[in-house]
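Quick notes on the structure that follows.
The values are calculated or read from the model by the stated rules, or taken from the named source; none is laboratory data. These numbers were taken from a predicted model, which means no experiment stands behind them. Backbone-built Cβ (ideal geometry, glycine too); neighbour counts: all protein chains shown. For accessibility, only protein heavy atoms count, side chains too; no ligands or nucleic acids. Shrake-Rupley method; radii C 1.70, N 1.55, O 1.52, S 1.80 Å.
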Amino acid sequence: REGIAVLDTSLAVEPELQAMLLKDLGEIQLSLDDREAAKATLERAWDMHSKLTGPDSVPAAEAMALYADATYASGDDEDAKDQ
């Protein structure tokens, strides 16, 4: 959570880099089995990528897929299917 706060303050002027690093951080959180944190981080990454590059862009799709994985891993099967 401290890492996300650092990203928010230090990369506020570079949203593309911030979105990419949020996606990477969310993927790391998921691999460390921190499912709820990964879900929140990846949802932010997905939202940012969608706004920056469009909802049908490759970066948005990658973030969405990771968000769906985190959602499924946290036991929310129905929400994961909706993604």
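Being of a type in the set (D, E, K, R) and either more than 18 Å from E14 (Cα to Cα) or outside any helix (DSSP H, G or I) (or both) is the filter here; which residues of the stretch 46-64 pass it? If the condition is that a residue be of a type in the set (D, E, K, R) and either more than 18 Å from E14 (Cα to Cα) or outside any helix (DSSP H, G or I) (or both), then D56, E62 are the ones that fit. Does E43 qualify as being at pLDDT 95 or above, in contact with a Lys or Arg (Cβ under 8 Å, 6 or more places away or on another chain), in a helix (DSSP H, G or I) and open to solvent by 20 Å² or more (accessible area, probe 1.4 Å)? In short, no. Considering A19, A38, the condition of being in contact with a Leu (Cβ under 8 Å, 6 or more places away or on another chain), under 17 Å from L66 (Cβ atoms) and without any contact (Cβ under 8 Å) to a residue 40 or more places away in the chain is satisfied by A38 alone. Count of the stretch 46-72 residues, restricted to those that are open to solvent by less than 40 Å² (accessible area, probe 1.4 Å) and either over 11 Å from the mean Cα position of the chain (by Cα) or polar (S, T, N, Q) (or both), is 4.
Scanning the stretch 14-36 for residues that are small (G, A, S) and crowded, with 19+ Cβ neighbours inside 10 Å yields a count of 2.
Here the condition is being in contact with a Ser or Thr (Cβ under 7 Å, 6 or more places away or on another chain) and at pLDDT 95 or above; of A60, A65, A80, it holds for A60 alone.
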